[in-house]
Amino acid sequence: MTTLFTTAQVRNAVEFLASRSLIRLVTEIDDNGAIPPRRLAATLPDLSKHQLRSATETARAHGLVRTAPGAGLELTEAGSELADLYDAVARWSRRHASPALVCEFSNRVRHVLDLLTPSLAAESADSLARLPAARLPSAEAEADLARPRALLLQWVSDNPQVTWASGPEPVA
């Protein structure tokens, strides 16, 4: 796939995809199934009500989740594909101990998305090679980024609405 995006589109997509609350919501549903009605706060107790509401509303607006009668909040096909993307980038991160040997899942996802960001923008498609040496993965690690990069490009191409506006509010 050769689809490249503007720097602003890439920034919007990465901010959306790297939101800790969105990552937690999508991966929780992917790992454990639909979240029953009125159980969201108990299922994700580390997120505030505001973060849960923002992530859920944003995920619904972007077609990642839906409410299934009798089951609760479940992933759509796009949401399942996003969960697969998250798993792929986290596997790369664990394999290459990047950013650290021990790290929270959402931090792993954000780190890899940040590494991939320069290679997605049309204005800077060759910028992975221009990363500072401290951020540049080894040749083997860089080669292993090909699959997560392809998955990311495919997902963003299939879901262009994420390039239009940023997602859930970032959490400090």
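The values are calculated or read from the model by the stated rules, or taken from the named source; none is laboratory data. The structure presented is a predicted model; accordingly, all values stated were derived computationally and were not measured. Don't worry about glycine lacking a Cβ; one is built from the backbone with ideal geometry, like all the others, and counts go over all protein chains shown.
List of remarks:
- Applying a threshold of 7 Å to beta carbon distances and a minimum spacing of six or more residues, or different chains, the list of pairs starting in segment 28-43 at a residue that is farther than 18 Å from S54 by Cβ and ending at one that is acidic (D, E) and outside any helix (DSSP H, G or I) reads A34/E74.
- Scanning segment 42-58 for residues that are assigned to a helix (DSSP H, G or I) and either of a type in the set (D, E, K, R) or closer than 25 Å to V162 by Cα (or both) gives K49, H50, Q51, L52, R53, S54, A55, T56, E57, T58.
- Against the conditions (1) buried (at least 21 other Cβ atoms within 10 Å of the Cβ); (2) in contact with a Lys or Arg (Cβ under 7 Å, 6 or more places away or on another chain), A88 satisfies every one except (1).
- Hey, V156 modelled with pLDDT of 95 or more and either in contact with a Phe, Trp or Tyr (Cβ under 8 Å, 6 or more places away or on another chain) or surrounded by 20 or more Cβ atoms within 10 Å (Cβ to Cβ) (or both) or not: no
- Residue in segment 28-41 that is of a type in the set (S, T, N, Q), over 19 Å from V156 (Cβ atoms) and at pLDDT 95 or above present: yes
- Listed by first and then second residue, the pairs with beta-carbon distance under 8 Å, at least 6 apart or on different chains, first residue in segment 139-150 and without any contact (Cβ under 8 Å) to a residue 60 or more places away in the chain, second surrounded by 12 or more Cβ atoms within 10 Å (Cβ to Cβ) and among the small types (G, A, S), are A141/S98; R147/A88; R149/S119.
- Filter result for A55 (buried (at least 17 other Cβ atoms within 10 Å of the Cβ), within 27 Å of L153 (Cα to Cα) and not acidic (D, E)): yes
- Across segment 97-118, the qualifying residues are those that are touching a helix residue (DSSP H, G or I) at 6+ places or on another chain (Cβ under 7 Å) and among the small types (G, A, S), and the one among them that is nearest to L44 (Cα to Cα) is S106.
- Residue ID - farthest from D87 (Cα to Cα), chosen from residues in segment 1-27 that are charged (D, E, K, R) and at pLDDT 95 or above: R20
- Candidates R135, R110, R149: the one that is at pLDDT 75 or above and either over 17 Å from T163 (Cβ atoms) or surrounded by fewer than 16 Cβ atoms within 10 Å (Cβ to Cβ) (or both) is R110.
- Of residues in segment 15-40 being in a loop (DSSP other than H, G, I, E, B) and small (G, A, S), the one surrounded by the most Cβ atoms within 10 Å (Cβ to Cβ): S19
- The listed residue being more than 30 Å from A146 (Cβ to Cβ) and of a type in the set (V, I, T), out of T43, T76, T58: T43
- Enumeration of residues in segment 66-91 that are in a strand (DSSP E or B) and farther than 27 Å from L115 by Cβ: R66, T67, A68, G72, L73, E74
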